[in-house]
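Engineer: Have a look at this one before I ask anything.
The values are calculated or read from the model by the stated rules, or taken from the named source; none is laboratory data. Everything quoted here is computed from the prediction, not taken from an experiment. We place every Cβ from the backbone using ideal geometry, glycine too, and count neighbours over all the protein chains shown.
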Ligand SMILES: [Zn+2]
């Protein structure tokens with residue numbers, strides 16, 4: 001075991017988590033977090049949890065309240081074309097159908113991923 005103070009220093013940021021590695025593997029987004037944990041989030045689930053005003057509707061991550069979306073998804077909707085970083089605190093995925101207004105903060109991304117993992 002390495003002697004390190006990185007753990008206690010990370011705690012200074014409280015609940016602030018951020019990915020140290022993000023990559024798409026097949027139809028999943030693999031996220032390695034700075035706390036050492038890993039999440040595998042299906043791209044389809046990520047899209048369905050898009051937090052933008054147009055998609056959010058009745059959906060609630062914490063309550064897992066699923067309602068059929070007001071707009072139909074196509075297979076393209078779940079294809080991730082790009083995943084640009086936004087200001088170092090979030091990612092803004094660009095989907096195959098051209099949708100790109102959802103900004104996933106790290107905290108939100110982790111909550112969605114954790115909810116999916118259970
Ligand atoms: Zn959206």
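Engineer: Being within 13 Å of the chain's Cα centre (by Cα), at pLDDT 95 or above and under 17 Å from residue 24 (Cβ atoms), is that true of even one residue in segment 62-79? Reasoning before the result, please.
Structural biologist: Start the filter on segment 62-79 by keeping residues that are within 13 Å of the chain's Cα centre (by Cα), which leaves none.
No: segment 62-79 contains no residue that is within 13 Å of the chain's Cα centre (by Cα), at pLDDT 95 or above and under 17 Å from residue 24 (Cβ atoms).
Engineer: Which condition from (1) closer than 20 Å to residue 26 by Cα; (2) without any contact (Cβ under 8 Å) to a residue 60 or more places away in the chain is the one that residue 116 breaks?
Structural biologist: With (1) closer than 20 Å to residue 26 by Cα; (2) without any contact (Cβ under 8 Å) to a residue 60 or more places away in the chain applied to residue 116, the lone miss is (2).
Engineer: Taking the condition within 16 Å of the ligand (Cβ to nearest atom), touching a strand residue (DSSP E or B) at 6+ places or on another chain (Cβ under 9 Å) and under 18 Å from residue 84 (Cα atoms), does residue 51 pass?
Structural biologist: Yes.
Engineer: Something else: Considering only segment 99-108, how many residues are touching a strand residue (DSSP E or B) at 6+ places or on another chain (Cβ under 9 Å), without any contact (Cβ under 8 Å) to a residue 60 or more places away in the chain and not in a strand (DSSP E or B)?
Structural biologist: Of the residues in segment 99-108, 4 are touching a strand residue (DSSP E or B) at 6+ places or on another chain (Cβ under 9 Å), without any contact (Cβ under 8 Å) to a residue 60 or more places away in the chain and not in a strand (DSSP E or B).
Engineer: Restricting the search to segment 78-87, which residues are without any contact (Cβ under 8 Å) to a residue 24 or more places away in the chain and not in a strand (DSSP E or B)?
Structural biologist: 84, 87
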